[in-house]
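The values are calculated or read from the model by the stated rules, or taken from the named source; none is laboratory data. This one's a predicted model, so the numbers in the text were calculated from it and none came from an experiment. All Cβ positions, even for glycine, are placed from backbone atoms using ideal geometry, and neighbour counts span all protein chains on display. Surface areas here come from the heavy atoms of the whole protein model, side chains and all, with no ligands, DNA or RNA. Shrake-Rupley method; radii C 1.70, N 1.55, O 1.52, S 1.80 Å.
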Amino acid sequence: MLDTLNTLEATALDELELANTSQAIANWNWKYFGSKRSKGAVDDAMRQLGTLPGEERKAFGKRANEVKQALTAAFVAREHLVKQADLEAQMSAGSLDVTLPGKPVSRGRLHPSSQNLRRISNVFAQMGFEVYRSPDVETDEMNFGLLNIAPEHPARDMWDTFYTNTPGVILRTHTSPGQIRSMREFGHGGTKPIRMILPGMCYRYEQVTARSEMQFNQVEGIAVGKNITLADLKGAMSEFARRMFGGNGKIRFRSSYFPFTEPSVEVDVFLGLDSERNKMLTKGTGWLEISGAGMIHPTVLRNGGYDPAVWSGFAFGMGPERVAMRLHGINDIRSFWSNDLRFLEQF
Ligand code: FA5
């Protein structure tokens, strides 16, 4: 009878030796030790114990226990070995070659329009202008009324306006309401001079072309003091052009009209007519308008808290995207907001 146990042990150990995967090991365990629901080969062998006569039974029981212990120990050792091998196989399949060069990470950067605004702000900061921001959402009163543009004034046609659902609240059409805000906030009741620029977005419900967008930046400039004249305005704009465009930055002043300045001018920068692009952008004149400007109207000075008999000042409203077009040879203002990486990555 002991032969049965010996054979069982030898066969089981041989089969265990061949089990190389977790699944094969589990199958082996099931075959020899069974599961909750079924008996395994070892239990089957043990069951024979009851059929044996007394003297054989003792020896059989002892040997059967030895076989059971030997197989259990062999199973634990083999299971450990196979799990280890599985783990190593998994690790080498998913391994990393740390000597490979990494994938390049593209660096974020400021939008060209922001870069340009910073450059313009720097130029004016060097000329003693402080930088101030005023809100994009404005009252009709600030955007028009206090700038000497009454509700039915025909000059309102110069600014096609986006209105909001709240009566009297609009998206600013220009940065000029910042003139009133800066005079009131920093003029100390009309007793102190100010020199500020106000960069920010403006919104107009107008036709989009290569030189005009619905949404664009302006840089408002305002200088209030005693004895400020049109010559100071010309000097500031010329100095700006020299610093921004270098020696070849030719600008000109054209007389114009704005209700909030008197006299009023417009400032153009020279592009020339040597390409189809320049002919188109300058409407065949060779000059691209970059700014409106003028001497602050007495009514506006008064609305800002200053006595126009004592104080005077100039203001301008510049289009920084137009400045950047001249600086970098950009053909179309729509490139700024079209989110085309081929354009944006050049800056
Ligand atoms: C004004 O908006 C006046 N507030 C400027 C001003 C300020 C005059 C202070 C006097 C004193 P204008 O609409 O011309 O004016 O715009 C001024 C500049 O903003 C233009 O010269 C141009 O450079 C830029 N600009 C105007 N409209 C657009 C547009 N749709 N897209 C891009 N830039 C524009």
Euclidean distance between Cα centres, segment 311-347 to segment 1-50, Å: 83 Å
Using alpha-carbon coordinates, inclination of helix 54-93 to the longest axis of the chain, degrees: 20 degrees
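Please list, by residue number, every one of the chymotrypsin sites (Phe, Trp or Tyr not before Pro) in segment 200-254 that is coil in DSSP and has at most 15 other beta-carbon atoms within 10 Å.
Values: sites: Y203, Y205, F216, F240, F245, F253; in loops: Y205.
Passing both the DSSP loop test and the Cβ count: Y205.
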Projected area averaged over orientations for segment 65-124, convex hull of C-alpha atoms, nm²: 8.8 nm²
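Quick check: at a probe of 1.4 Å, how many percent of the accessible area of the chain sits on carbon and sulfur atoms?
Numbers: 10220 of 19130 Å².
For the chain, the apolar C and S fraction of the accessible surface comes to 53 percent.
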P(r) of segment 188-347 over all Cα-Cα pairs, binned every 10 Å from zero, in whole percent: 10, 35, 34, 16, 5, 0
Long-range lysine pairs (8 or more apart or interchain), the chain, Cα under 14 Å: 5
The chain: mean projected area of Cα convex hull, nm²: 34.5 nm²
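Mean separation of Cα pairs under 8 Å and 6+ residues apart, divided by the residue count of the chain: what relative contact order is that in percent? Don't jump to the answer; show the numbers that get you there.
Working: 523 pairs, mean separation 50.0, N = 347.
With pairs under 8 Å counted, the relative contact order is 14 percent.
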Signed unit charges on C-beta, dipole axis of segment 112-344, positive-most listed residue T299, W159, A125: A125
Projected-area mean, segment 240-320, by convex hull of Cα positions, square nanometres: 6.4 nm²
Residue-normalised accessible area of segment 112-344, expressed per residue, 1.4 Å probe, Å²: 45 Å²
Over segment 2-93, relative contact order from alpha-carbon pairs under 8 Å, at least 6 apart, %: 37 percent
Segment 49-97 - Debye-derived log10 I(q)/I(0), Cα point model, q = 0.21, 0.23, 0.24 Å⁻¹: -0.76, -0.81, -0.84
Distance cut-off 18 Å, percentage of C-alpha pairs in segment 39-191 lying past it: 80 percent
Given charges at beta-carbon only (K, R positive; D, E negative), |dipole| of segment 109-170 in Debye: 560 debye
Cα-based Rg / Dmax (Å) for segment 176-283: 16.4, 52
Charge-dipole axis of segment 2-93 as Lys and Arg at +1 and Asp and Glu at -1 on Cβ define it, positive-most pick from Q90, V42, G54: G54
Phi-based couplings in Hz for segment 113-125 (Karplus 6.51, -1.76, 1.60; Gly and Pro marked x): 5, 5, 4, 5, 4, 5, 5, 5, 4, 4, 4, 6, 4
Segment 253-264 - phi-based ³J(HN,Hα) in whole Hz, Karplus 6.51/-1.76/1.60, Gly and Pro as x: 10, 10, 6, 8, 9, 9, x, 9, 9, 7, x, 10
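Please report, in debye to the nearest 20, how large the charge dipole of segment 2-93 is about its Cα centre when each Lys and Arg carries +1 at its beta carbon and each Asp and Glu carries -1 there.
On the way: 12 positive and 13 negative charges, 98 e Å.
That gives segment 2-93 a dipole magnitude of about 480 debye.
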Cβ-placed point charges (K, R +1; D, E -1), dipole of segment 112-344 about Cα centre in debye, nearest 20: 740 debye
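Across every pair of different alpha-carbon atoms, what Kirkwood hydrodynamic radius in Å does segment 1-64 reach?
Hydrodynamic radius (Kirkwood, Cα only) of segment 1-64 equals 12.7 Å.
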Lys/Arg +1, Asp/Glu -1 at C-beta; segment 112-344 dipole; positive extreme among T175, G319, F343: F343
Using θ = phi - 60° and Karplus 6.51 cos²θ - 1.76 cosθ + 1.60, couplings along segment 11-23 (whole Hz; Gly, Pro as x): 4, 4, 5, 4, 5, 4, 4, 8, 7, 10, 10, 4, 5
